[in-house]
1. Taking neighbour counts of Cβ atoms within 10 Å as a proxy for exposure, in what order, fewest first, do SER82, SER87 appear?
2. In vacuo Debye scattering of segment 83-208, one point per C-alpha: log10 I(q)/I(0) at q = 0.10, 0.20 Å⁻¹?
3. Given an 8 Å cut-off on Cα distances and at least 6 residues of separation, report the relative contact order of the chain as a percent.
4. Distance in nm between label sites at VAL205 and ALA310, each 7 Å beyond Cα in the beta-carbon direction?
5. Just tell me which aspartates and glutamates come within less than 15 Å, Cα to Cα, of LYS255; anything on the same chain fewer than 8 places away is out.
6. Just to be sure I understand the model, the point goes 7 Å from the Cα along the line to the Cβ. What's the resulting ASP138 to ARG55 distance in nm?
7. Where does the chain land at 222 nm, in deg cm²/dmol rounded to the nearest 500, when only DSSP H runs of n ≥ 4 count, each adding -39500 (n - 2.57), divided by all residues?
Amino acid sequence: MSEKRGPRACILGAAGFIGRHVVAECLARDWLVTAVDIVEGLSAGLQSNNRLTFRQGRLTDEDFVRDAVAGADAVVCLAPSSLPARSNDDLAGEIDSHVRVTVRIAELAHAAGVRNFVFASSGGTVYGIDSPHPISEDAPTRPRNAYGVSKLAIEHYLRILRDLRGMRTISLRISNPYGAGQNAGSGQGFIAMAMRRAFAGEPLVIWGDGSTVRDFLYVRDLARAVVAACDYLGDASVINIGSGLGYSLREVAEKVERVSGRKLTLRYEPKRAIDVAKNVLDISLAFQELGWRPTTPLDDGLRRTAEWWAARQIAAVPGQA
């Protein structure tokens, strides 16, 4: 009698900030994992796990994608993507490299018999509206940049794929993730940039007067939500994933200064047209459908993030223990 295997997840973009945490969470829950990325960026500890297979290749290579998703119960699509601040520079290119590639990956996953296709959408950009209240999934959507338009277009294509062909697709509208390992130089991640500037003793640029309110989500809480979506059997096709709480950028900068123990100088620049004044997500549907809610308060998450940045700084100093 053959040994019964556990569920298998294929994580696309596994070497990225979110991907590494999703891989770790899947392994912690005894999933078999195929981790896929164009670069090899998983830690030695993860790569030594006998439940993990790492595949390096391009998601534009259809034969590679077919092979990578074969046998998967769930596919988590964290790539390809783009950067919000740069997505408006080449609108046609944004469609080709983000929308078209992602939709084709989903079609290949369906052809391979994948049960659940989990897409990382953006709760921070698809709505594009100023709201005094937490934003629910049925709120109007009017993205202010091509990145948000791409995410929304992919959501609709996945919904059509679900309705016409039967593969369960779920788009997670994620707020602003933060935590250990986030790249502060990518143009995303206010907290990562604030940490980097604090530890480097450099000024932090804030667009506007610092009153802009955002919903910040600790990455390990996000990883739990993603894995819950891999197992989801319900009917919702779009679910907000955030903290459900809003903090101004000025408040967050003050908290970063406090947990890092470093002076953080703020430099204010004129507000940009793409910036929404307040974006906080209503996450009640996530609890209802996924049984998920965040468990890490912002202060705790910031403290853990600051510890990672402090350790990184010490490691960068030759001869310092």
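Every read-out reported here was derived from the displayed coordinates using simple, explicitly stated rules and does not represent laboratory data. Keep in mind that what you see is a predicted model, and the values were worked out from it rather than measured. Here the Cβ is made from the backbone with ideal geometry for all residues, glycine too, and neighbour counts use every protein chain on show.
1. SER82, SER87
2. Scattering profile of segment 83-208, log10 relative to I(0): -0.40, -1.20.
3. Working: 636 pairs, mean separation 55.4, N = 321.
Relative contact order of the chain: 17 percent.
4. It works out to 3.0 nm between the two label points.
5. Here the aspartates and glutamates satisfying the reach criterion relative to LYS255 are ASP215, ASP299, ASP300, GLU307.
6. 3.9
7. Value at 222 nm, helices only, nearest 500: -11000 deg cm²/dmol.
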